[in-house]
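A.B. asks: Encoded as structure tokens, here's the structure I'll be asking about.
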Amino acid sequence: MIQPVVEVSGFGEVEGQKVELYTITFPGKLEAGITNYGGILTSLKVPDKTGKLDDIVLGYDHLEEYLKETPYFGAIVGRFANRIANGKFKLGGEKYKLALNSGLNHIHGGIVGFDKVVWEAEPKVENGKVHIILTYTSPDGEEGYPGTLKTKVTYTFTQNGLTIGYKATTNKPTILNLTQHSYFNLSGSFSHAILDHELLLKANQFLPINKHQIPTGKLESVTLTPFDFTSFKTIGKEIGLDDKQLKNGSGYDHCWVFDEERNVEEVVAALHHPQSGRIMEVITTEPGIQFYTSNFLDNSIPGKKGVFYKKHSALCLETQHFPDSPNHTNFPSVVLMPGNTFMSSTTYRFSVK
């Protein structure tokens, strides 16, 4: 068994709070960086088919860059991942109004979401695994959400990948939708577009969106549409088609719906980069996955090693409940009640072909 190593170093400060960087190494197999600011996965190095380790996630070299307004690179996103139409929802007869931080919509928890707070962190090494245990208490009313929410997110690293476990409790009825927002590029070169990656999504339905990128409420079949990834398909094959849904998302930026009767321990998504041979498989307890092709990166953001991130520099596979769920009674519930515990798990597993 390969024995992992964890190193802790200072990464800076945020309003007097110390920010730390945890560097995890499984020699020759996997290297990762994670910080307690936003629970951000700052780097993830996995081998290609020759054994060469490359970083496959977008991010920055320094904390200062993460503190600026960013596209949520590598962060834990909450309280509510994705969009809520007009920043409004009703719960228990009460109306709630959230910040509009994405056009007419609320997105990813608001102005200061879980991606922009300092979490308590505890590293543990046991049985050949590394656990980074992050905890954060969001006070009642923070960003407009009801209830004091106690959240624990555990990153568990192995030599083959990572699992993110989520756990939360509340003292008032609230809504909750957590995800991990890494941008992946399996080529290991961030100047290389992800349009040559091959994607598999074991989902027969997706959620159509309107021009404001809010779900219409319908579930639509992927059959005979550019949204059919039920067998491996190159991402660039149909992304440029004259399709209303692709136009509404400026590319792929939609939620795919998994079968309710599926085995949650089975792979529901897989990504393959033929040139490097890298494969990433996704396993999740969540009912959906947001596939996003970084349509809004515009070459204005300098990333790691000075590389500017362009459109299609990476892709996101964000496991989650559905966007705008509080406003669609036919969607799986995102309500968390006092006395109940929210639990969820997602694994990203790596191999080569």
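A.B. asks: Filter the GluC sites (Glu not before Pro) in region 256-353 down to the DSSP loop ones having no more than 15 other Cβ atoms within 10 Å, then list what survives.
C.D. replies: Those that pass, being in a loop and sparsely packed, are E260, E261, E265, E266.
A.B. asks: Let me ask another. Please find the FRET efficiency linking T23 to K167, where r is the Cβ-Cβ separation and R0 is fixed at 30 Å, and quote it to the nearest 0.05.
C.D. replies: It comes out at approximately 0.75.
A.B. asks: Using unit Cβ charges (K, R positive; D, E negative) and no other charged atoms, how large, in debye to the nearest 20, is the dipole of region 35-192 about its Cα centre?
C.D. replies: The calculation lands at about 620 debye.
A.B. asks: State the answer as a single residue: which of T50, G87, T156 lies farthest towards the positive end of the charge dipole of region 5-352, with beta carbon charges of +1 for Lys and Arg and -1 for Asp and Glu, about the Cα centre.
C.D. replies: G87
A.B. asks: Also, quick follow-up: What FRET efficiency, computed as 1/(1 + (r/R0)^6) with R0 = 30 Å and r the Cβ-Cβ distance, is obtained for S189 and N127, rounded to the nearest 0.05?
C.D. replies: Plugging the Cβ-Cβ distance into 1/(1 + (r/R0)^6) gives 0.30.
A.B. asks: Need the C-alpha centroid separation for region 282-316 versus region 11-29, integer Å.
C.D. replies: Centre-to-centre distance over Cα atoms comes out at 22 Å.
A.B. asks: While we're on this one: With +1 on each Lys and Arg Cβ and -1 on each Asp and Glu Cβ, how big is the dipole of the chain about its Cα centre, in debye rounded to the nearest 20?
C.D. replies: 280 debye
A.B. asks: Another one. Calculate, for N327 and K52, the FRET efficiency according to 1/(1 + (r/R0)^6) with r their C-beta to C-beta distance and R0 45 Å; round to the nearest 0.05.
C.D. replies: 0.45
A.B. asks: Counting Lys +1, Arg +1, Asp -1, Glu -1, what net charge surrounds L63 among other residues with beta carbon under 15 Å of its beta carbon?
C.D. replies: Counting the neighbours of L63, the net charge comes to -4.
A.B. asks: Considering the dipole of region 5-352 built from charges on the beta carbon (Lys and Arg +1, Asp and Glu -1) around the Cα centre, which of N171, H273, G12 is farthest to its positive end?
C.D. replies: Towards the positive end, the residue furthest out is N171.
A.B. asks: Beyond 18 Å between alpha-carbons counts as too far, so tell me which of K29/K52; K45/K237; K233/K353; K49/K237 fall in that bin.
C.D. replies: K45/K237; K49/K237
A.B. asks: Let me have the relative contact order for the chain, percent, based on Cα pairs under 8 Å that are six or more residues apart.
C.D. replies: Result for the chain is 17 percent.
A.B. asks: Could you give the length gained on full extension between L219 and H62, defined as 0.36 nm per residue of separation minus the Cα-Cα distance, in nm?
C.D. replies: Using 0.36 nm per residue and subtracting the Cα-Cα distance, I get 52.4 nm.
A.B. asks: Using only the Cα atoms of the chain, build the gyration tensor, take square roots of its eigenvalues as a ≥ b ≥ c, and label the shape rounded, prolate or oblate: rounded if a/c is under 1.5, else prolate if a/b is larger than b/c, else oblate.
C.D. replies: Here the chain falls in the rounded category.
All of the numbers you see were taken from the coordinates with simple rules; none came from a lab. Computed from a predicted model, the values in this text were never measured in an experiment. Note that we place each Cβ from the backbone using ideal geometry, even for glycine, and neighbour counts take in every protein chain shown.
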